[in-house]
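S.K.: Sending over a structure as structure tokens; questions will come in a sec.
The values are calculated or read from the model by the stated rules, or taken from the named source; none is laboratory data. Note that the structure is predicted; figures quoted are calculated from it, not measured. Here the Cβ is made from the backbone with ideal geometry for all residues, glycine too, and neighbour counts use every protein chain on show.
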Amino acid sequence: MKLFLIIALFLGLAEADEVFYNFENFNLPQVKLSKKYCITSFKKSEKYCCETKLSYPDSAKISNFPYQESLKKEIKKALEDYKKNNIKVKTWVNLKDEIASTFFDYKEIHLFALTEIGYSLKFAGSSYSGGAHGNYYVGFKNFDKNGKEMKLSDIITDLKGFKKEALKIYKKQHNLKPNDPLTKDDWFDNEFILPKEFAVTNSGILFFYNPYEIKPYAAGVTKFFVPFNKVKNYLNSSLLAPLLKSKSKKSYYFIDESEGKIYLKLTLTQTGGNRFKVSTKIYNFVEFSQKCWLSLSLPQFFKAKDVMYLQKSGFKSVKIYPKGSKVYNIAKNKAIKAKYVLVEGELKDTQKGEFNFELNAKALNSLKIYLRASLKESGKEEPYTLPINYSPEYKTDQQGFSVFEINLE
């Protein structure tokens with residue numbers, strides 16, 4: 001079932017403008033390798049271990065991937081590095097230095113984005129080789145249709161102009177005022193730089209700063225997204241031509257990579273003027289779940305009649321809760337009065353469902369939507385949610401749940 005969905009996703013990407021708002025990867029079948037070596041010290045009876053792991057896309061199971069040969073080359077490089085990692089030697093060095101611990105080096109490769117001009121790979125790694133804490137990093141490689149790696153200089157033709165606009169976008173996405181210094185957002189200094197790591201998607205460029213790059217380790221990673229339509233004048237229009245076309249349809253994919261339980265897709269189609277068709281789909285991969293809900297909140301709409309032409313498939317029911325309705329708040333553990341419209345559906349016994357409706361956004365400069373899913377599993381008290389509840393990187397809705405926030409300007 002999962003493989004079918006992935007192939008369908010590949011075939012449909014060219015038809016829609018895609019934004020990875022949660023910056024996750026395609027949930028492709030992965031090959032996972034690991035090796036571990038331990039020695040017990042006779043002197044202190046302590047264990048000295050080294051462990052290495054590698055995870056990469058299983059090319060044998062994704063034959064429909066259009067850039068197969070290029071992907072295989074990257075996997076081959078990673079496998080060669082993995083084989084060269086002599087953990088026995090490292091373990092004996094630890095024993096000699098009397099460092100009793102498990103040193104590790106974990107690496108993962110994922111398909112991050114698939115576009116009309118190529119694709120992007122995400123490289124994630126974590127390691128520990130002694131000291132106060134381990135290290136982790138995220139890297140990206142972007143390839144064109146011919147398998148050639150694209151550098152930022154291939155994509156941006158006017159770096160000065162691009163950086164000026166990118167700084168504005170960064171400050172807006174990180175809740176800084178135009179005149180606020182970057183140090184207010186924990187930067188080491190007030191000089192704006194673009195990171196080494198970036199990924200090209202169908203809608204724009206994701207920029208990713210690793211720990212220590214611009215902020216202290218404790219601040220973690222930092223990322224921001226630059227839509228193509230905000231910086232068209234500074235880009236290589238020849239290379240990016242298919243991605244710079246004006247489009248009336250956008251699709252947003254939210255993939256539960258860590259648990260593999262839920263996959264969401266939200267599509268916004270401009271049907272004329274400021275009218276939009278909102279279509280949302282959910283796939284539940286847990287066979288014996290008791291209940292599964294899909295919730296979509298509209299903070300700019302307040303009446304039930306604002307949600308027009310509601311249709312559903314695969315859902316037991318889909319209800320519209322206008323402002324003033326009683327809705328459950330998980331933080332307060334009680335019913336509260338809704339501040340804005342909530343559209344919520346419960347899946348039938350089937351593991352996939354879809355509902356869609358239309359909105360008239362004529363009085364709005366932009367459209368904002370909150371999306372989340374909840375899964376009640378047998379034998380578990382707390383529901384599983386996507387995004388994970390109380391995650392600091394996500395916004396909280398009127399019900400106290402973490403949500404994906406979609407903004408369409």
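S.K.: So, GLN300, is that one polar (S, T, N, Q) and surrounded by fewer than 13 Cβ atoms within 10 Å (Cβ to Cβ) or not?
M.R.: Criteria not met by GLN300.
S.K.: Just to be sure before I move on: is SER127 in contact with an Asp or Glu (Cβ under 7 Å, 6 or more places away or on another chain) and polar (S, T, N, Q) in the structure I sent?
M.R.: The answer is yes for SER127.
S.K.: PHE315: more than 14 Å from GLU344 (Cα to Cα), out of contact with any Asp or Glu (no Cβ under 6 Å at 6 or more places or on another chain) and of a type in the set (A, V, I, L, M, F, W, C), yes or no?
M.R.: no
S.K.: Residues in region 19-30: is at least one outside the structural domain of THR222 (by TED's automatic domain parsing), surrounded by 13 or more Cβ atoms within 10 Å (Cβ to Cβ), touching a Phe, Trp or Tyr at 6+ places or on another chain (Cβ under 6 Å) and at pLDDT 55 or above?
M.R.: no
S.K.: Which ones in region 368-387 are surrounded by fewer than 19 Cβ atoms within 10 Å (Cβ to Cβ) and either within 16 Å of LEU294 (Cβ to Cβ) or in contact (Cβ under 8 Å) with a residue 60 or more places away in the chain (or both)?
M.R.: LYS368, LYS376, GLU377, SER378, PRO383
S.K.: OK, next. Pull up region 275-294, narrow it to residues that are aromatic (Phe, Trp, Tyr) and assigned to a loop (DSSP other than H, G, I, E, B), then point me to the one that is modelled with the lowest pLDDT.
M.R.: Across region 275-294, the extreme among qualifying residues is PHE288.
S.K.: Could we say that GLU80 is in the same structural domain as ALA132 (by TED's automatic domain parsing), modelled with pLDDT under 80, surrounded by fewer than 17 Cβ atoms within 10 Å (Cβ to Cβ) and more than 28 Å from LEU266 (Cβ to Cβ) here?
M.R.: Answer is no for this residue.
S.K.: Let me ask something additional. Only one of (1) assigned by TED's automatic domain parsing to the domain that holds LYS73; (2) modelled with pLDDT of 90 or more; (3) among the hydrophobic types (A, V, I, L, M, F, W, C) fails for VAL89. Which number is that?
M.R.: (2)
S.K.: I've got another one for you. Can you tell me which residue in region 122-172 is nearest to ASN202 (Cα to Cα), limited to those that are at pLDDT 90 or above and polar (S, T, N, Q)?
M.R.: This residue is ASN142.
S.K.: While we're looking at this one, here's another question. Of all residues in region 205-219, which are under 15 Å from the mean Cα position of the chain (by Cα) and surrounded by fewer than 19 Cβ atoms within 10 Å (Cβ to Cβ)?
M.R.: none
S.K.: Scan region 106-121 residue by residue and report those that are of a type outside the set (A, V, I, L, M, F, W, C), modelled with pLDDT under 85 and surrounded by 18 or more Cβ atoms within 10 Å (Cβ to Cβ).
M.R.: THR115
S.K.: Let me spell it out: the conditions are (1) touching a residue at least 24 places away in the same chain (Cβ under 8 Å); (2) among the hydroxyl-bearing types (Ser, Thr, Tyr); (3) at positive phi, and TYR340 meets all of them except one. Which number is the exception?
M.R.: Status for TYR340: all satisfied but (3).
S.K.: Answer with yes or no whether GLY125 is closer than 30 Å to GLN30 by Cα, without any contact (Cβ under 8 Å) to a residue 40 or more places away in the chain and assigned to a strand (DSSP E or B).
M.R.: Judged against the criteria, GLY125 is a match.
S.K.: Residue check: is SER203 among the polar types (S, T, N, Q) and farther than 26 Å from LYS277 by Cα?
M.R.: So SER203 does not fit the description; no.
S.K.: Another question, then. Report whether or not PHE42 is at pLDDT below 75, closer than 19 Å to TYR253 by Cβ and not in a helix (DSSP H, G or I).
M.R.: no
S.K.: Separate question: Suppose the filter is part of a strand (DSSP E or B), at pLDDT below 90 and under 21 Å from LEU408 (Cβ atoms); does THR269 pass it?
M.R.: yes
S.K.: For ALA100, state whether it is part of a loop (DSSP other than H, G, I, E, B), modelled with pLDDT under 90 and in the same structural domain as LYS47 (by TED's automatic domain parsing).
M.R.: In short, yes.
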